[in-house]
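FYI, it's all coordinate maths here, none of it is from the lab. Only a predicted model underlies this, so the values are computations on that prediction, with no experimental measurement involved. So basically every Cβ, Gly included, is an ideal-geometry build from the backbone, and we count neighbours across all protein chains shown.
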Amino acid sequence: MSLDLSIDIQKEGPVTIISLRGELDDFHAPKLNDAFAQVIDDEACRKLIVNLDEVSFVDSVGLGTIAIAGKKILKEDGLLNLVCTKTLISKLITASGIVDAMGKRIGLYDTLEDAKNNLN
């Protein structure tokens, strides 16, 4: 049985921070997709940080969900930064090509503060 995925959404001025805890897999990805729809589509967020520091597992569907959100926010001329200090998950993100494919509009950072400072 997989661990649940909890999602916490916080606003700090023009920046929205989505903090995840648990497993981001094919079972839980729709929950994250709903959160992305809420902040990107409904709330017109253009500066988004996804904090993955408390995620214990990510599969290809979870990475795909993040990539789709990245494409959505890019279409709106927004920015998406990811925060992750877990080596295995950071390597998966890097190997997936998400960051490279979206150029300077998406970044991967070790700290929430660095992610905030690079939303320009």
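If R0 is 22 Å, the Cβ-Cβ spacing of Arg105 and Val61 corresponds to a FRET efficiency of close to 0.50.
What is the range 77-117 by shape, rounded, prolate or oblate, if you read a ≥ b ≥ c off the alpha carbon gyration tensor as root eigenvalues and call it rounded for a/c under 1.5, prolate for a/b larger than b/c, and oblate otherwise? Display every interim value, and only then the final one.
Working: a/c = 3.15, a/b = 1.10, b/c = 2.87.
Oblate, because a/c is 1.5 or more while a/b does not exceed b/c.
Across the range 5-117, Cα-Cα pairs more than 26 Å apart make up 6 percent of the total. Taking every alpha-carbon pair in the range 1-63 and binning the separations at 10 Å intervals from zero gives 23, 54, 22, 2 percent.
Sum -39500 (n - 2.57) across every DSSP H segment of at least 4 residues in the chain, then divide by the residue count to get the 222 nm mean residue ellipticity, nearest 500. If you can, show how the numbers build up before the last one.
Numbers: 5 runs with 44 residues, N = 120.
Calculated from helices alone, the mean residue ellipticity at 222 nm is -10500 deg cm²/dmol.
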